[in-house]
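Okay, so here's the structure we're looking at.
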Amino acid sequence: MKNLPSIIRIVTVEENINGEIKEYKCLADESNGSTVRYLSKEEALQVFSEVKEYYNKSNYLEINDDLEKKENLDHFVESMNSSYDNFFKLNLNEKYDIPKMTHKFKTFKLNKRKWSCKCEWCGKKISNIEVEGYYSVHQEQISRQYEKACSVECGDLIWKEIIKNWIKSNGYTKFFNV
């Protein structure tokens, strides 16, 4: 098998037959910059054979889907990391670790009457009579929900559940250490 050029393009070739222009498609080698060379019949058949072999693979759709998901995830990670100081980090296995989240402590307003809510993780009642406030668990790009936690530990567990659900629902499981 002959080594094929690295840049192959489909080009239109015109042929004048008795004053009538007939158009054909053929493959051209553009790996030498400005010089275009048409592939021979043998080279073209080899290209088609390799293309056919690739598309006939039983896992073609899975591979293509994974590539698309990885591209989408990489774009998302890039935007998140630029906004949130390396939010997502690759580990030695080339997979992302679940990012740590800093939970915002929300102080209860002093002018409110009795106010309470429940910790979304442990179910403990959080009341302005007993404590100063609660922890808000939220990451807008991953979940629109604002969850309330009684402690940083419960907030971390809520966050892990939210991010794992996001990973699973987007089909990113292969790219994370879950």
### Message
Would you confirm, using the coordinates I've provided, whether Glu120 is surrounded by 13 or more Cβ atoms within 10 Å (Cβ to Cβ), acidic (Asp, Glu) and not in a strand (DSSP E or B)?
### Response
yes
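With Val178, Val152, Val131 as the choices, which residue is in contact (Cβ under 8 Å) with a residue 60 or more places away in the chain and among the hydrophobic types (A, V, I, L, M, F, W, C)?
Values: Val152 fails: in contact (Cβ under 8 Å) with a residue 60 or more places away in the chain; Val131 fails: in contact (Cβ under 8 Å) with a residue 60 or more places away in the chain.
Exactly one of Val178, Val152, Val131 is in contact (Cβ under 8 Å) with a residue 60 or more places away in the chain and among the hydrophobic types (A, V, I, L, M, F, W, C), namely Val178.
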### Task
Answer yes or no as to whether Gly171 is assigned to a loop (DSSP other than H, G, I, E, B) and in contact (Cβ under 8 Å) with a residue 12 or more places away in the chain.
yes
### Summary
Conditions (1) at pLDDT 80 or above; (2) more than 30 Å from Ser6 (Cβ to Cβ); (3) surrounded by 13 or more Cβ atoms within 10 Å (Cβ to Cβ) -> Met80 fails only (1)
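The values are calculated or read from the model by the stated rules, or taken from the named source; none is laboratory data. Just so you know, these numbers come straight off a predicted model, no measurement behind them. Glycine also receives a Cβ, built like all others from the backbone with ideal geometry; neighbour counts cover every protein chain displayed.
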